[in-house]
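Here is the structure we will look at, set down as structure tokens.
The values are calculated or read from the model by the stated rules, or taken from the named source; none is laboratory data. Just so it is clear, the model here is predicted, and its values are computed rather than measured. Don't worry about glycine lacking a Cβ; one is built from the backbone with ideal geometry, like all the others, and counts go over all protein chains shown. Side chains are part of the model used for accessible areas, which takes the heavy atoms of the whole protein and leaves out ligands, DNA and RNA. Shrake-Rupley method; radii C 1.70, N 1.55, O 1.52, S 1.80 Å.
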Amino acid sequence: MTASSPAEVQADPSFATTLAHGLDVLTAFRRHPGSLSNAELALHTGLSRPTVSRLTYTLEQLGYLRRDTKGRFVLGLGALAAAYPVLSSLKVRQLARPLMRDFATYAGGTVSIAMPFGIDFIYVETLRTTDTAPHVPDVGFVSTLAPTAVGRALLSLFTEDELGAYVARVKAERPDEFDYVQKRTLPDVELCRERGFAVSLGEWRREIFGVAAPLYRTPSGECLSVNCGVPSFRFSAEQIERECGPRILGLARSIRALVEEG
């Protein structure tokens with residue numbers, strides 16, 4: 001359902017270390033947007049310069065990287081092509097768009113569908129009616145589960161064992177978030193299970209109020225949720241709780257109905 005922790009996979013004798021290092025190079029572009037040199041990639045990945053040089057050469061030949069006019073590396077179209085089968089298999093993206101557009105118009109924000117990605121989430125669909133919002137994400141955007149409404153909605157779909165594994169990974173990989181998860185995230189996950197939606201009032205970014213609702217789990221166990229990031233000047237905290245929360249719960253129910261009918 002969620003990706004295994006780095007410690008778990010590296011202890012596996014079947015784990016392909018060279019392949020993992022190549023993927024580490026690609027992942028560095030998510031954490032550090034823009035063009036990167038071999039030296040910078042070595043710094044960001046912890047790999048040696050010769051290793052990085054071999055990996056970037058190979059990835060460039062395969063179309064996953066390309067060089068810009070300064071000879072630095074940027075992601076190539078091969079990365080986008082690899083993602084297409086994942087996105088095209090998520091039929092909820094097409095079914096939900098008209099409903100998401102209506103909610104975005106009402107809220108004046110950005111409506112997205114997310115899935116867990118380790119101890120983060122990733123947007124698999126996003127829609128907005130204006131670009132004036134302080135944060136304008138797109139498909140593939142990744143951020144942490146802990147302080148976000150969408151993260152809490154996703155975690156509300158986890159089993160108790162999965163939730164325990166999530167907390168353990170946070171403690172091991174992001175110890176600075178552990179206390180926050182214990183005191184803020186987990187209580188809000190329980191609240192989301194009770195009322196059907198979660199909120200985050202400027203916890204992730206001060207200028208954004210988030211409201212989200214869990215959607216469903218797929219037959220393979222993947223979790224999906226829908227959220228809206230709203231500029232904080234558009235609604236008061238009370239309005240987010242009283243008005244936007246029930247509305248996004250209704251949006252989630254409507255999306256589920258479309259998926260079940262489809």
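Ordered by 1.4 Å accessible area with all protein chains kept, Arg66, Arg256, Arg30 run largest first as Arg66, Arg30, Arg256. With contributions of -39500 (n - 2.57) from each DSSP H run of at least four residues, the per-residue ellipticity at 222 nm computed over the chain stands at -14500 deg cm²/dmol. Heavy-atom accessible surface of the chain, averaged per residue, reaches 51 Å², computed with a 1.4 Å probe.
Legend: helices of the chain (whole DSSP H runs) are marked when their alpha-carbon atoms reach 27 angstrom or more along the helix axis and their mean Kyte-Doolittle hydropathy is at least -0.5; nothing is marked.
May I ask for the net charge around Leu224, where only other residues with Cβ less than 12 Å from the Cβ of Leu224 are counted and Lys, Arg are +1 while Asp, Glu are -1?
Values: positive: Lys91, Arg93, Arg217, Arg256; negative: Glu125, Glu222.
Local net charge: +2.
Reported to the nearest whole Å, the Cα centre-to-centre distance from the range 163-223 to the range 84-120 is 18. Of the solvent-accessible surface of the chain, computed with a 1.4 Å probe over protein heavy atoms with every protein chain present, carbon and sulfur atoms account for 55 percent.
Counting Lys and Arg as +1 and Asp and Glu as -1 over every other residue whose Cβ lies under 14 Å from the Cβ of Ser48, the net charge comes to 0.
How much net charge surrounds Ser35 when only the other residues with a Cβ under 12 Å from the Cβ of Ser35 are counted, with Lys and Arg +1 and Asp and Glu -1?
Numbers: positive: Arg66, Arg67, Lys70, Arg72; negative: Glu40, Asp68.
It works out to a net charge of +2.
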